[in-house]
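Undergrad: Please see the structure below; I have some questions.
The values are calculated or read from the model by the stated rules, or taken from the named source; none is laboratory data. Everything quoted here is computed from the prediction, not taken from an experiment. The area values use the complete protein model at the heavy-atom level, side chains included, leaving out ligands, DNA and RNA. Shrake-Rupley method; radii C 1.70, N 1.55, O 1.52, S 1.80 Å.
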Amino acid sequence: MSAESTAKGMSSPLRPPPPILCPMNRNPQATPGVPNPLRTLSLDRLRCRTSMKWRTYPSDVLPLWVAEMDVSLAEPVVRAVTEALALGDTGYPAGTAYAEALAGFARKRWGWDGLAVERTAIVPDVMLGIVEMLKLVTGHEDPVVVNPPVYPPFFQFVEHMDRRIVEAPLGADHRIDFGALETAFRQAVAGGRKAAYLLCSPHNPTGTVHTADELTAVAALAGRYGVRVVADEIHAPLTAPGVDFVPYLSVPGAGSGLSLMSASKAWNLAGLKAALALAGPEAAADLARLPEEVSHGPSHVGAIAHTAALRDGTPWLDALLDGLDDNRRLLADLLARHLPAITYRPGEATYLAWLDCRALGLGDDPADVFLQRGRVALNSGLPFGTGGAGHVRLNLATSPEVIEEGVRRMAAALR
Ligand SMILES: Cc1ncc(COP(=O)(O)O)c(C=O)c1O
């Protein structure tokens, strides 16, 4: 997202970094038959990419920021897209194949049988889907509750569409603080306003996976205050091995909720635009009011790619999740050895690491120091809202060698 770009101070004097060696493919593979997708591309190959992650900063900067993964794509996705291109199947999207593939994935992966294809709508991407859902359930200048620190575009898109943000910060344990949430709900609906709660599940940047009990409590509280829940579940497939994701719409009392899901984060398909909006039974009438023109935005080839990922991309996903879990442990180990003043609590989902750097004494924006002095690009915590100052977000979806180099650069920035 351009909203994440904080390409500050790029004119600073360069200290040429030592060359980074990328001896890929030498680790054992945890998932039989599928290579770890994080180890298949060398840094030289990655630097040929033209996307935001690779083109925002000069080539001496190691990019560990925006949520793109350094993976080669799942073979079923490549095959489906290649066949579509060979056939010239590049028109407008039609049908419900994407929703059916998601329903099948949800059944197998999360044991959730309640994804009703007739209560889904295709939208261009998750953020534009959120905007459309908020338009359905709130009006001009109505409040939208969020849990900072949270994905910066939550603030930007909501404010751009003339709604107001009300913050209910996460607790120090990175979990929903129900006292703060209730205060925010009470404030939001004061004066009879319509209000929405934009829930990030799993949570970006902390990787918190909300439990069934927490989500049930959210539904109850939202019901009590008449607040409409819109759940951004884009990171849902990215839970660590052994961790269960609970779809918001599957919990008791969540029937008036709306959710956004997409294969784009988990299979690295952000450039192939498509996502799905899902409605609980009592939100079906709201979703039915979605203007038809919204379905003009998603890409047909994007929907083909997402469908293939959800239908046939599970072995690749499992290999990725094993690799990400190794990377979480590697990062924790490297930080403990080289930057022990940084606090890192590995999350249970996403490929993002939220690092508390306040004890380093680098001020509110340590990402700027790491960029200027270490030539490593991390996300500044500041745009994540309350709780973001003094923090950085590091993208773990890369090879272990690149993570090692990233930590080496961060440590060098402090010398
Ligand atoms: C929580 C969350 N929502 C939405 C998005 C963006 O999704 P999309 O590109 O489908 O709008 C991201 C991207 O990182 C994200 O982390």
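Undergrad: How many percent of the accessible area of the chain is carbon or sulfur, using a 1.4 Å probe?
TA: Working: 8740 of 16330 Å².
In the chain, the share of accessible area belonging to carbon and sulfur is 54 percent.
Undergrad: Excluding ligands, DNA and RNA, what is the solvent-accessible area per residue of the chain at a probe of 1.4 Å, expressed in Å²?
TA: Details: 16330 Å² over 415 residues.
That works out to 39 Å² for each residue.
Undergrad: In whole Hz, what ³J(HN,Hα) sequence does the stretch 192-202 give by Karplus (6.51, -1.76, 1.60; θ = phi - 60°), x for Gly and Pro?
TA: Going residue by residue, I get x, 5, 6, 9, 10, 10, 8, 8, 9, 9, x Hz, with x marking Gly and Pro.
Undergrad: Need the C-alpha centroid separation for the stretch 85-156 versus the stretch 299-345, integer Å.
TA: 21 Å
Undergrad: Can you give me the three principal axis dimensions of the stretch 48-132 from its C-alpha atoms, in Å, biggest first?
TA: The principal-axis extents, from largest down, are 49, 31, 28 Å.
Undergrad: So for the chain, averaging the separation of alpha carbon pairs under 8 Å that are six or more residues apart and normalising by length, what relative contact order in percent results?
TA: On the way: 825 pairs, mean separation 95.8, N = 415.
Worked out over the chain, it gives 23 percent.
Undergrad: Could I ask something else about it? Any lysines with Cα under 23 Å of the K108 Cα? List them, leaving off those in the same chain fewer than 8 positions away.
TA: K108 reaches K265.
Undergrad: When a/c reaches 1.5 or more, the comparison of a/b and b/c decides; with that in mind, is the chain rounded, prolate or oblate per its Cα gyration tensor?
TA: Working: a/c = 1.73, a/b = 1.23, b/c = 1.40.
Verdict is oblate for the chain.
Undergrad: If you don't mind, there's one more thing I want to ask. In whole Å, what are the Cα extents of the stretch 146-238 along the three principal axes, biggest one first?
TA: Ordered largest first, the stretch 146-238 gives principal extents of 38, 30, 23 Å.
Undergrad: Then there is this: Taking the square root of 5 times each eigenvalue of the Cα gyration tensor, what semi-axes in Å does the equivalent ellipsoid of the stretch 65-196 have, largest first? Numbers along the way, then the final one.
TA: Numbers: eigenvalues 242, 70, 57 Å².
They are 35, 19, 17 Å, listed largest first.
Undergrad: Right, another one. For the stretch 32-81 and the stretch 159-232, what is the centre-to-centre distance using only Cα atoms, to the nearest Å?
TA: Centre-to-centre distance over Cα atoms comes out at 34 Å.
Undergrad: Additional query: What percentages make up the Cα-Cα pair-distance distribution of the stretch 326-415 when the bins are 10 Å wide from 0?
TA: 18, 58, 24, 0
Undergrad: Would you mind checking which residues have amide H under 5 Å from S299's amide H? H placed 1.01 Å from N; only 5 or more apart, or other chain.
TA: Answer set, sorted by chain and number: K273, A274.
Undergrad: Hey, another quick one. How high is the relative contact order of the stretch 41-170, given as a whole-number percent (alpha carbon pairs under 8 Å, six or more residues apart)? Present the calculation step by step, with values, prior to reporting the outcome.
TA: Values: 78 pairs, mean separation 17.4, N = 130.
The value is 13 percent.
Undergrad: Can you give me the long-range amide H partners of V145? Hydrogens built in the peptide plane at 1.01 Å from N, cutoff under 5 Å, separation of 5 or more residues or another chain.
TA: When sequence neighbours closer than 5 places are left aside, the close amide H contacts are V166, A196, Y197, L198.
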